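Each remark here refers to the structure printed beneath this line.
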Amino acid sequence: MSDNPQRQGSTTEHLLTTPHGSHPYTASAQWQTLYEYDKPVAELFHVAYTIADQNLAQRPITFVFNGGPGAASAYLHMGALGPRRVMFNPDGSLPRPPVQVADNGESWLSFTDLVFIDPLGTGFSRTLPGDEDKNKPDDKASEADRASQVDKPEGKADDRAKKFWTVDRDLNALGEFIQGYLSAHHRWLSPVFIAGESYGGFRVAKLCRKLQQDYGVGLCGAILISPVMEFMLLEGNDYSLSRWATVIPSMAATAAYHGRVATSDSPAAHGAKAAAFARKSLIPLLALGSTADPEDQRQVFQQLAELIGLPPDLVQRHRGRIDIVTFARELLRHQQRILGLYDGSVTAIDPFPDRLQNEGTDPTLEGIDRLFTGAINSHLRSTLGVNTTLTYNLLSFEVFKAWEFLPEGEYRQGFVGSVDDLRAGMALNPYLKVYITHGIYDLVTPYFSSEHLKDLMNLNPELRPNLTLRHFQGGHMFYTWEESRRQWFDDMQGFYRQAA
């Protein structure tokens, strides 16, 4: 718990009423201190929801975080898992202002305690002043300086925070937090789960190994939500083929959703056909490069155009390498509308339809900020009674831009990945259950990337049943779709029963 008077946590009692029953619960919003060489260096803000009068050796506990890097946990907290959620339209589209928050009938609190963690620089998580700050003269100017350094990502506080904005230090901060929480709340014998979205899914895959190997935390289950696991699959170029293929099924599903392809298949079924095409036709053709037969090339590019709803001459001009920005701009250009990159089913008016490049904003990234910013601030400050002058950093682009992805070591080259850590963690603990899920219209972290990686993992036959992949209607945050959230909730109930 924080000793800083500007950071006063709270503990409150509530009742969640769902179609599955009523659940009295305790909400605890607090700061937990992180240490380096036994000196406090930072405080991670978190909100824990627990059900009283439970057998702690049987009641699961799940540690939850989002991604970015630079995103607070508010998206999963207020969008899907927590006892209260922000309201979207049933198809996941954005409602009119003002923001509305309601009880969440699909809250995971029904079957697990929940701890939502905001990594450093997000939410209310901040560094602490160092010794050099504490030794300053105690005048008003120094007090103002100290407040600035503690509560704003500027100056010396920024330098201290940047130490946490690396792959390894971030993972160790989460490991230290989880270890400290289990000790402080006597939960070492509880079934432990971790869940993360987007870059948070990357964290989960890495932590499957690190928590067990370095922190002694045995895991029952790991949930990766719209994850990026290998960063080489986020960027395509002339010399790397996988990205061009793995995004095709999501494009095809999106095109089917908007009625831009000639098919009677559902978007999911059309995407499955595109996945088979990507494996059997597109990758082999692209691998041939300039040695490809021109007629074979024409036929494959024609098939690709028909699958993803773009003009054949455009596909030919791009040599079958269609990036997501081009797809999002071109699919509905005749309607002067653009697609959301994080959810291709969402469209917005193109504010600059006559310009060569898309200069508008992404309706699925910037569009949702008003909902989650309003929802999390109201929930923390009014419902839970957190008393702080800090600004809640929902999504920090400063953290994102400063993040160091390259691993420590002599050679700091290439892309970072997490699948090796996931494989090692599953081998280290053959009882660990892993669940990976995506929305089929997500163009940024497409579902076929995880399918592709699963097929390349070469898991031992004994471990293969421990890995489940399931995808839903929707985009990166598919849980904003009412039916998808309900289906996912049912899936998770079964997953927890099996894993715990």
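The values are calculated or read from the model by the stated rules, or taken from the named source; none is laboratory data. Please read all numbers here as calculations on a predicted model, not as lab measurements. Cβ: placed from backbone, ideal geometry, glycine included. Neighbour counts: every protein chain shown.
In this structure, is residue 179 surrounded by fewer than 20 Cβ atoms within 10 Å (Cβ to Cβ), within 22 Å of residue 121 (Cα to Cα) and touching a residue at least 24 places away in the same chain (Cβ under 8 Å)?
On the way: surrounded by fewer than 20 Cβ atoms within 10 Å (Cβ to Cβ): yes; within 22 Å of residue 121 (Cα to Cα): yes; touching a residue at least 24 places away in the same chain (Cβ under 8 Å): yes.
Against the criterion (surrounded by fewer than 20 Cβ atoms within 10 Å (Cβ to Cβ), within 22 Å of residue 121 (Cα to Cα) and touching a residue at least 24 places away in the same chain (Cβ under 8 Å)), residue 179 qualifies.
Mind checking whether some residue in segment 445-458 is under 25 Å from residue 327 (Cα atoms) and part of a loop (DSSP other than H, G, I, E, B)? Lay out the reasoning, then the answer.
Applying the first criterion (under 25 Å from residue 327 (Cα atoms)) to segment 445-458 yields 445-453.
After this cut, where a residue has to be part of a loop (DSSP other than H, G, I, E, B) as well, the list is 445-446.
Yes, segment 445-458 contains at least one residue that is under 25 Å from residue 327 (Cα atoms) and part of a loop (DSSP other than H, G, I, E, B).
Inspect segment 24-31 for any residue being among the aliphatic types (A, V, I, L, M) and at pLDDT 90 or above and give the result as yes or no. Lay out the reasoning, then the answer.
Going through segment 24-31, the residues among the aliphatic types (A, V, I, L, M) turn out to be 27, 29.
Remaining after also requiring at pLDDT 90 or above: 27, 29.
Yes, some residue in segment 24-31 is among the aliphatic types (A, V, I, L, M) and at pLDDT 90 or above.
Among 111, 63, which is the only one that is over 19 Å from the mean Cα position of the chain (by Cα), more than 21 Å from residue 382 (Cβ to Cβ) and among the aromatic types (Phe, Trp, Tyr)?
Of 111, 63, the one residue that is over 19 Å from the mean Cα position of the chain (by Cα), more than 21 Å from residue 382 (Cβ to Cβ) and among the aromatic types (Phe, Trp, Tyr) is 111.
Only a single criterion out of (1) at pLDDT 95 or above; (2) farther than 29 Å from residue 337 by Cβ; (3) surrounded by fewer than 24 Cβ atoms within 10 Å (Cβ to Cβ) is not satisfied by residue 272, namely (2). Pull up segment 186-211, narrow it to residues that are more than 22 Å from the chain's Cα centre (by Cα) and in contact (Cβ under 8 Å) with a residue 24 or more places away in the chain, then point me to the one that is surrounded by the fewest Cβ atoms within 10 Å (Cβ to Cβ). Per the stated criteria, the residue is 186.
The set of residues in segment 181-211 that are over 18 Å from residue 425 (Cβ atoms) and in contact with a strand residue (DSSP E or B) (Cβ under 6 Å, 6 or more places away or on another chain) comprises 187, 190, 197. When residues in segment 5-47 are screened for being of a type in the set (A, V, I, L, M) and either over 20 Å from residue 74 (Cβ atoms) or free of Cβ contacts under 8 Å to residues at least 24 places away in the same chain (or both), 3 of them pass.
Would you point out the residue of segment 325-355, among those that are in a helix (DSSP H, G or I) and crowded, with 21+ Cβ neighbours inside 10 Å, that is nearest to the chain's Cα centre (by Cα)? Filtering segment 325-355 for residues that are in a helix (DSSP H, G or I) and crowded, with 21+ Cβ neighbours inside 10 Å, the one nearest to the chain's Cα centre (by Cα) comes out as 328. Inspect all residues belonging to segment 404-414 and state whether any of them is in the same structural domain as residue 57 (by TED's automatic domain parsing), at pLDDT 95 or above and of a type in the set (D, E, K, R). Checking segment 404-414: not a single residue is in the same structural domain as residue 57 (by TED's automatic domain parsing), at pLDDT 95 or above and of a type in the set (D, E, K, R). Within segment 296-318, residues that are in a helix (DSSP H, G or I) reach partners that are of a type in the set (D, E, K, R) with beta carbons closer than 7 Å, at six or more positions or on different chains, in the pairs 314/330. Among the residues of segment 23-35, is there at least one that is surrounded by 14 or more Cβ atoms within 10 Å (Cβ to Cβ), under 20 Å from the mean Cα position of the chain (by Cα) and aromatic (Phe, Trp, Tyr)? Looking for residues that are surrounded by 14 or more Cβ atoms within 10 Å (Cβ to Cβ), under 20 Å from the mean Cα position of the chain (by Cα) and aromatic (Phe, Trp, Tyr), one finds none in segment 23-35, hence no.
Specify which of the listed residues (157, 161, 173) is under 15 Å from residue 35 (Cα atoms), at pLDDT below 90 and buried (at least 20 other Cβ atoms within 10 Å of the Cβ).
Working: 157 fails: under 15 Å from residue 35 (Cα atoms); 173 fails: at pLDDT below 90.
Matching residue, one of 157, 161, 173: 161.
When the residues of segment 389-406 are filtered to those that are of a type in the set (A, V, I, L, M) and part of a loop (DSSP other than H, G, I, E, B), the one that is surrounded by the fewest Cβ atoms within 10 Å (Cβ to Cβ) is 406.
Listed by first and then second residue, the pairs linking a residue in segment 247-265 that is surrounded by fewer than 24 Cβ atoms within 10 Å (Cβ to Cβ) to a residue that is charged (D, E, K, R), with Cβ atoms under 8 Å apart and 6 or more places separating them unless they lie on different chains, are 261/306; 262/306; 265/273.
Kindly check whether there is at least one residue in segment 110-119 that is over 15 Å from residue 372 (Cα atoms), assigned to a loop (DSSP other than H, G, I, E, B) and aliphatic (A, V, I, L, M). Checked segment 110-119: no residue is over 15 Å from residue 372 (Cα atoms), assigned to a loop (DSSP other than H, G, I, E, B) and aliphatic (A, V, I, L, M).
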